[in-house]
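Quick note: the coordinates plus some simple rules give every number you see, no bench work behind them. None of these values were measured; they are calculated from a predicted model. Virtual Cβ from ideal backbone geometry, glycine too; neighbours counted across all protein chains shown.
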Amino acid sequence: MTQHAEAAPRLTRRQRRRLILGGEYGIFIIAVVLAASLADWGALKTNFAEWRVAKTVFPDIITVGLRNTLLFTVTGFGLGLITGLVLALMRLSSVPPYRWFALAYIEVFRGLPALLIFIFMGTGIPLAFPGTNLPGGVYGTAAVALGAVSAAYMAETIRAGIQAVPRGQMEAARTLGMSQGRAMRSIIIPQALRIVIPPLTSELVLLFKDSSLVLFLGITLEQRELAKFAQDAASQQGNTTPIIVAAICYLLITIPLSHLARRLEARQKRGQR
Amino acid sequence: MTTVNDSAAVQVIELYKAFGDLEVLRGIDFEVRRGEVVCVIGPSGSGKSTLLRCVNLLEEPTEGNVYVGGVELTDPDVDIDAARRRIGMVFQQFNLFPHLSVLANVTIAQRKVLRRPAVEADRIARENLARVGLADKVDAYPAQLSGGQQQRVAIARALAMGPEVMLFDEPTSALDPELVGDVLGVMRKLALDGMTMLVVTHEMSFAREVADRVVFMDGGVIVEEGPPSKVIGDPAHERTRRFLSRVLDPAAAEIED
Ligand SMILES: Nc1ncnc2c1ncn2[C@@H]1O[C@H](COP(=O)(O)OP(=O)(O)OP(=O)(O)O)[C@@H](O)[C@H]1O
Ligand SMILES: [Mg+2]
């Protein structure tokens, strides 16, 4: 025997990595098998994937539900983008009251659950200002509510984008005789918007999902969007399959959008135009 | 007390500039006559860029007056945008607008500021791009150009506004050595065409050949000024000599503490 005991055969780095990886896969497989054996497949099938029920929600789930969801999202995003840009410029203004207002707005709307804002817009505003009617009825109110919430987030994103444009750009523009406002419009904002396209795309995904909150504005049957439509259909039929159909509709939009956002971001990281 | 000289293209009187407690310019007096090329040289941190940026009020002087073409820029009621149109500026980092094509870089201020019609702006842009040797690059984007080409576009962009004076802040310092010559060539031609130029540079051979006058700055003051043969060839001050020996033969410079 030598002085020190024969050490257990040491694993090479590659062997150890294989062992760890194997263990991780093993745990995953055990978990899946366990879940699968515990689930009641018959019940799952009849409640979530009943073809007969799925067929009944078409085409209305698309022509009413998805259509409204898209309408709410697009109008809300448009309004939010414009408001967000204005708020971002106010945040960067040299006039202190503008800065204070923008900051207060952003803090309030980012600090509250969107749900609360929708309930407030749906019940509070008609009570406080009876007779006020936004153009487009519920569609108008929805655009304002969604726009108001998303503007707060977009404002901060756009502000960061504006500040990411190198200082020399403003100096070059001013040197050519452009006023501050002209330089902002022609030189700084176009570049800032390019910088913030990826985060704004992510914001669009969030808004697409948040559009389901319009149900708190008090909507009619024709104004139902995807989530509400599916929920109604599900309770009507006593079957959850419509929820799954709606979920697939959401994912069909959000996954490509998220993918697009990631690709745009990657492209920008590579420093292309 | 210096008096206002209406025939000067640029006149700087008793100029002071401080950033907080840091006094960067400490009483600068000088002028650039029409058609004159003045090179400003001096060690890093001596205030050369600050001086240039005070001439078109990118920096606001703490004290003193700046006149360009007889108009006082330091007058609080001056239309600064109108005044800046007559002063072209070229930066060390080019500062081209990356979202615009070369042509649009040169036309945008003509269109938005001078309100020139598109056709005219286009023609003037092409003329000036030809002048800097880049007529074939009108459709390129800044990112597709070399540093030397970008800097020449920046010169064309400034020239398209028809300035009375051109300011250059180390226009070749960010360039690879083999690209410096193209830019200096354009500037030399500009000088021959009679443009009034105020150039901060470390290119001593350019200063020696092209400048009518050289200004040596150190510590926020003008130490000496005169024709290049005098200031560069036979400097009167020890500080100028020390600076020149460092610039002309960097390898031989002694380390200071
Ligand atoms: N915006 C600013 N805020 C604070 N300090 C500044 C600012 N701009 C310049 N300075 C300081 O003023 C001094 C002079 O700067 P300046 O850029 O004018 O020097 P320079 O002679 O151009 O030097 P270089 O040859 O390195 O370009 C430096 O100490 C610099 O740090
Ligand atoms: Mg400098």
Residues other than A:R67 with Cβ under 12 Å of its Cβ, Lys/Arg counted +1 and Asp/Glu -1, net out at -2
Restricting to aspartates and glutamates and to Cα separations under 13 Å from A:K228, and discarding same-chain partners fewer than 8 apart, the set is A:D60, A:D210
Under 26 Å between C-alpha atoms, the lysine pairs in chain B lying 8 or more places apart or on different chains count 6
Answer in debye to the nearest 20: the dipole magnitude of chain B about its Cα centre, from +1 Lys/Arg and -1 Asp/Glu charges placed on Cβ, is 1040 debye
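I want the local charge near B:K17. Using Cβ-Cβ distances under 11 Å, sum +1 for each Lys or Arg and -1 for each Asp or Glu among the other residues.
Numbers: positive: B:R26, B:R53; negative: B:E23, B:E59, B:E60, B:E63.
That works out to -2.
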In nanometres, the difference between 0.36 nm per residue of separation and the alpha-carbon distance of A:T123 and A:F101 is 5.4 nm
Excluding residues fewer than 8 positions from A:K209 in its own chain, the aspartates and glutamates with Cα under 17 Å of it are A:E225
Whole-Hz Karplus couplings 3J(HN,Hα) for the stretch A:159-169, θ = phi - 60° and coefficients 6.51, -1.76, 1.60, Gly and Pro as x, run 4, 4, x, 4, 6, 7, 6, x, 4, x, 5
Pseudo-spin-label distance A:L11 to A:V86, built 7 Å along Cα→Cβ, given in nm, is 6.2 nm
Here the FRET efficiency for B:S101 versus A:S94, based on Cβ atoms and R0 = 35 Å and rounded to 0.05, is 0.60
Within the stretch A:192-226, the residues whose backbone N lies under 16 Å from a label point placed 7 Å from the Cα of A:L134 along the Cα-to-Cβ direction are A:207-208, A:210-220, A:223-225
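Could you please rank A:S258, B:S44, placing first whichever residue has the fewest other Cβ atoms within 10 Å of its Cβ? The partial results should precede the final answer.
Numbers: A:S258 15, B:S44 7.
If I rank by nearby Cβ atoms, fewest first, I get B:S44, A:S258.
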By Cβ neighbour count within 10 Å, fewest first, B:Y141, A:Y25 rank A:Y25, B:Y141
Whole-Hz Karplus couplings 3J(HN,Hα) for the stretch A:32-43, θ = phi - 60° and coefficients 6.51, -1.76, 1.60, Gly and Pro as x, run 5, 4, 4, 4, 5, 6, 7, 5, 8, 5, x, 5
Simple spin-label estimate for B:D193/B:R26, 7 Å along Cα→Cβ, in nm, reads 4.0 nm
Where a ≥ b ≥ c are root eigenvalues of the Cα gyration tensor, a/c under 1.5 meaning rounded, otherwise prolate if a/b exceeds b/c and oblate otherwise, the stretch B:71-124 counts as oblate
